[in-house]
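I have placed the structure first, in the form of C-alpha cells, so that the comments after it can refer back to it.
Please treat every number below as a calculation from the coordinates, not as lab data. All of these numbers come straight from a predicted model, not from anything done at the bench. Here the Cβ is made from the backbone with ideal geometry for all residues, glycine too, and neighbour counts use every protein chain on show.
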Amino acid sequence: MKNGSVYLETTVVSYYTARPSRDIVQLAHQEITRRWWQLAHRRFDLFISELVIEEASAGDSNAAKHRLEVISRFPMLQLNEAVEGLTVAYMNGLNLPAKYARDAAHVAVAAIHGMDYLVTWNCTHIANGEIIRKIMRINEQLGYATPIICTPEELMPAK
C-alpha cells in the first residue's frame, strides 16, 4: 500500500530535470529532488495538472521536452469551476498580486482533488508557513481539507 497521493507542483519537476546549478542552495535542492524522485514512485501516487504541463512546456525547448517526458505518465487532475473558485478565494484571502494566480491555483487543484500532499520548492507563495496558515483558514471556512504542503526534503522517508 502506498503512503498517499501527491500533487507535483512544477518547481519539483524543474529541479529534477535541470542541469546542476552553480548556486549551492539550488544544487542541494536539485540533489534532494533527485533522491526523492527515485523513491516517490514506489511510495506515493503522483499527480499533475494542466498547470504543470503548461509551465513545464515553457522556456528552452530541449529542457521543456525533458520535463514533459518525465511527467508524461502521471495522471492529470482536472481544472474545473471548483478549482477556479478556490483559486479566487486564495487570491483574495492571501492578497496575492494577479501574477501569482498560478501559485494559488496549484494549491486549489490539490485541495479540490483531495490530495494528501502538495510537493513544491516554491517557498515564497506555497510552502511558506504564513501562507499555509491562511490557506488552512480559507479551506476550513469553505469545507475543504488542506493537503500537507511541503518540499521533497520534508517528504523523504524517515531513517
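Odds and ends about this structure:
- Label-to-label distance, nm, for residues given as Asn3 and Leu68 (7 Å Cα→Cβ offset): 3.2 nm
- Taking a sphere under 12 Å around the Cβ of His125 and counting the other residues whose Cβ falls inside, with K and R at +1 and D and E at -1, yields a net charge of 0.
- Projected label distance in nm at Leu96 and Glu31, using a 7 Å step from Cα toward the beta-carbon: 3.1 nm
- Applying the criteria of a DSSP loop state and at most 12 other Cβ atoms within 10 Å to the trypsin sites (Lys or Arg not before Pro) of segment 19-56 yields Arg22.
- For the chain, a Gaussian network of Cα nodes joined below 10 Å ranks Thr146, Thr124, Thr87 by mean-square fluctuation, and the top entry is Thr124.
- Charge sum, other residues only, whose C-beta stays under 12 Å from Arg102's C-beta, Lys/Arg counted +1 and Asp/Glu -1: -4
- Put in line by how crowded their Cβ is, counting other Cβ atoms within 10 Å and starting with the fewest, Ser61, Ser49 read Ser61, Ser49.
- Taking the charge dipole of the chain about its Cα centre, with +1 at Lys and Arg Cβ atoms and -1 at Asp and Glu Cβ atoms, the residue from Ile131, Ser14, Asn80 reaching farthest to the positive side is Ser14.
- Mean separation of Cα contacts under 8 Å, 6 or more apart, over the residue count of segment 13-159: relative contact order %: 21 percent
- Max mean-square fluctuation residue, GNM over the chain, Cα-Cα springs under 10 Å, options Gly114, Gly93, Gly59: Gly59
- Span from the segment 3-30 Cα centroid across to the segment 48-73 one, whole angstrom: 13 Å
- Each Lys or Arg adds one and each Asp or Glu takes one away; over the other residues whose Cβ falls under 12 Å from the Cβ of Arg67, this sums to -3.
- Evaluated over segment 76-154, the Cα radius of gyration and Dmax, each in Å: 11.2, 32
- Listed residue (Leu118, Leu27, Val52) projecting farthest to the positive dipole end of segment 5-155, Cβ model: Leu27
- Backbone N within segment 87-121 under 16 Å of label point (7 Å from Lys134 Cα along the Cβ vector): 87-108
- Equivalent ellipsoid semi-axes - Cα gyration tensor, the chain, angstrom: 24, 17, 16
- Value of [θ]222 nm, deg cm²/dmol, for the chain, DSSP H segments ≥ 4, -39500 (n - 2.57) each, nearest 500: -17000 deg cm²/dmol
- Shown here for segment 46-79: trypsin sites (Lys or Arg not before Pro) in loop regions (DSSP other than H, G, I, E, B) with at most 11 other Cβ atoms within 10 Å, namely Arg73.
- Gaussian network model of the chain, Cα within-10 Å springs - most flexible of Asp116, Asp45, Asp60: Asp60
- Fewest-first ranking of Glu31, Glu55, using other Cβ atoms within 10 Å as the exposure measure: Glu31, Glu55
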